[in-house]
Amino acid sequence: MVVTGIYYALAFLAGGLLVAWLARPVWGAPMFVLAAFFLWFFRDPERTVPKGPHAVSPADGRVTAVKPDGAHLTRVSIFLSPLDVHVNRTPVGGRIVEAVYKPGEFLVASREEASVRNEQNVITVECDDGVRLTFKQIAGLVARRVVLNKKVGDRVEMGERIGLMQFSSRMDVLFGPEWEILVREGQRVTAGETIIARRKSA
């Protein structure tokens, strides 16, 4: 359970108790339901990370794009609905060499231009062999906050938790030519478990 969810749940629980005390108990029911929803929404299940020369999905959700993105890059975009787990994980292990917050708009996360125009955290991890992989936490229409719990210089293991996006949002992963993409548009993926790309040289 993410601590943020506990704060939301306690706030709505307190509000529900206050309304029930001031008015009628049944009137506090909607706030009790919301308290339960936030406990469920901010769930943080354990995942079994597969070992090997590959990259795992950084987020739960549906792949909405697998397409070229600039020179020699392929972008895999993953859209998270409000029903998905919103804890994010690093697709590869290594050292974080760049972590940049970019303020921006809050367009619907599934729109193509959201990759560039929306508020986002851009993270680059350098693997032990020097290969770098960049991925983005992108805010959406409902998700107004992207949280990165790591900093430049931190070492991370593949599938390790690195942050959180609140409510529906999007993750982009930018793969160089050394990667073979294994997912397709429309596919459901699970953070830390679904292999989305494999190293060609392995």
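Subtracting the Cα-Cα distance of Val33 and Arg188 from 0.36 nm times their residue separation leaves 53.0 nm of extension gain. Residues whose amide H comes within less than 5 Å of that of Arg170, counting only those at least five positions distant or on another chain, are Leu80, Ile138 (H built at 1.01 Å from N in the peptide plane). Only alpha carbons enter this Debye calculation for the range 18-77, each as an equal point scatterer, and the log10 of I(q)/I(0) it gives at q = 0.13, 0.15, 0.24, 0.30 Å⁻¹ is -0.65, -0.72, -1.05, -1.17. The Ser81 and Asp128 beta-carbon pair, evaluated with R₀ = 45 Å, returns a calculated FRET efficiency of approximately 0.85.
State which stretch of the chain is the longest one without any exposed GluC sites (Glu not before Pro), exposure meaning a DSSP loop state and at most 10 other Cβ atoms within 10 Å.
For GluC sites (Glu not before Pro) (loop position, at most 10 other Cβ atoms within 10 Å), the longest site-free span of the chain is 114-202.
Compared with the dominant Cα axis of the chain, that is its longest principal axis, helix 29-41 is turned about 20°. The relative contact order of the range 63-202, computed from alpha carbon pairs under 8 Å that lie at least 6 residues apart in sequence, is 31 percent.
Karplus-derived 3J(HN,Hα) values for the range 155-162, using 6.51 cos²θ - 1.76 cosθ + 1.60 with θ = phi - 60°, are 8, 10, 9, 3, x, 6, 5, 10 Hz; glycine and proline are entered as x. Taking label points 7 Å from Cα along the Cα-to-Cβ direction, Arg111 and Lys51 give a separation of 4.6 nm. Extension gain, Val97 to Leu22: 0.36 nm times the residue separation minus the Cα-Cα distance gives 21.6 nm. Put simply, the amide H of Glu193, placed in the peptide plane, has neighbours under 5 Å in Ser57, leaving out anything fewer than 5 places away on its chain. Dividing the helix sum by the residues of the chain, where each DSSP H run of 4 or more adds -39500 (n - 2.57), gives a mean residue ellipticity at 222 nm of -5500 deg cm²/dmol. With N the number of residues in the range 61-136, Rg(Cα) / (2.2 N^0.38 Å) evaluates to 1.16.
Using the 1.4 Å probe convention, the accessible area of the range 38-179 works out to 42 Å² per residue with neighbouring protein chains retained. Pairs Lys51/Lys136; Lys136/Lys200; Lys102/Lys150; Lys102/Lys151; Lys67/Lys150; Lys102/Lys136: which are spaced more than 21 Å apart, C-alpha to C-alpha? As for pairs spanning more than 21 Å Cα to Cα, those are Lys51/Lys136; Lys136/Lys200; Lys67/Lys150. Dipole magnitude for the chain: computed about the Cα centre from +1 point charges on Lys and Arg Cβ and -1 point charges on Asp and Glu Cβ, it is near 220 debye.
The values are calculated or read from the model by the stated rules, or taken from the named source; none is laboratory data. Just so it is clear, the model here is predicted, and its values are computed rather than measured. Virtual Cβ from ideal backbone geometry, glycine too; neighbours counted across all protein chains shown. These accessible areas exclude ligands, DNA and RNA; they are computed on the full protein's heavy atoms, side chains included. Shrake-Rupley method; radii C 1.70, N 1.55, O 1.52, S 1.80 Å.
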